[in-house]
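Below is a structure I'd like to ask you about.
The values are calculated or read from the model by the stated rules, or taken from the named source; none is laboratory data. Just so we're clear, the structure is a prediction, and the values are computed from it rather than from any experiment. Every residue, glycine among them, receives a Cβ derived from its backbone with ideal geometry; neighbour counts consider all protein chains shown. Accessible surface is based on the protein model in full, side chains and every heavy atom, while ligands, DNA and RNA are left aside. Shrake-Rupley method; radii C 1.70, N 1.55, O 1.52, S 1.80 Å.
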Amino acid sequence: MAETLNFDKAAAGMPPEGWTLTMTGKGAPKWTVEAEPSAPSQPNVLKQSGRATFPLAIKSDTAIRNGFVEVKFKAVAGSEDRAAGIIWRARDANNYYVVRANALEDNVVLYKTTKGVRTSLEIVGRKGGYGVSTPVTSGQWHVLRCDFAGSRFKVTYDGKPLFEVDDTTLVDAGMIGLWTKADSVTLFDDLTYGEIK
């Protein structure tokens, strides 16, 4: 049971329907559906072009405990940060898991956010460190995916398995969504998600 959202039926320049557009922290995020010539599925993408601690777009009607979420993203701009992330098991804007790819740091990192505080999580089979280094090219489309079941999260980037994380902080079903950081201008398309029974 997978669903794919490509934002192509939404009106350009408007926020998408069925989403809670919010943030962790403070600022003024700006999520809009925009026409984009390079979109993997034409004509529209979801664009975040505001500035906030962590801009969030939460798919309000989702409740998934075990499943997956995958999105195509393009990091366009940002001097403080240039990031794209997917969230799952979100209770609200202050409690969720997020895995994000960063085009300024060329890495992919998985975090938990609890009570608005973000903490990076250790990778299974490795002591310490911070995510996994991998090229995240600006101005190109990439695919970020997380499969999650129980306490185990498997991260895939551009079709390649990157790492796994084990964590039991947020165990209940929650919402899925999209995430950026600071002044990131990021495009998203073809958000696919589903539940594993």
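Six or more apart or on different chains, Cβ atoms under 8 Å: show the pairs whose first residue is in the stretch 42-54 and without any contact (Cβ under 8 Å) to a residue 12 or more places away in the chain and whose second is in a strand (DSSP E or B) and not hydroxyl-bearing (Ser, Thr, Tyr).
none
Give the residues of the stretch 63-84 that are of a type outside the set (A, V, I, L, M) and closer than 15 Å to PHE148 by Cα, sorted by residue number.
ARG65, ASN66, GLY67, PHE68, GLU70
Just for the stretch 126-173: of the residues that are without any contact (Cβ under 8 Å) to a residue 12 or more places away in the chain, touching an Asp or Glu at 6+ places or on another chain (Cβ under 9 Å) and farther than 15 Å from GLY85 by Cα, which one is surrounded by the most Cβ atoms within 10 Å (Cβ to Cβ)?
Per the stated criteria, the residue is GLY129.
Taking strands (runs of 3 or more DSSP E) that fall entirely within the stretch 3-48, which contain at least 1 residues that are in contact with a Leu (Cβ under 6 Å, 6 or more places away or on another chain) and open to solvent by 60 Å² or more (accessible area, probe 1.4 Å)?
44-48
Same structure, new question: Specify which of the listed residues (ALA28, ALA10) is farther than 19 Å from TYR111 by Cα, touching a strand residue (DSSP E or B) at 6+ places or on another chain (Cβ under 8 Å) and modelled with pLDDT under 95.
After applying the criteria, what remains is ALA10.
Next up: With respect to LYS72, is the statement that it is within 19 Å of THR134 (Cα to Cα) and in contact (Cβ under 8 Å) with a residue 60 or more places away in the chain true?
yes
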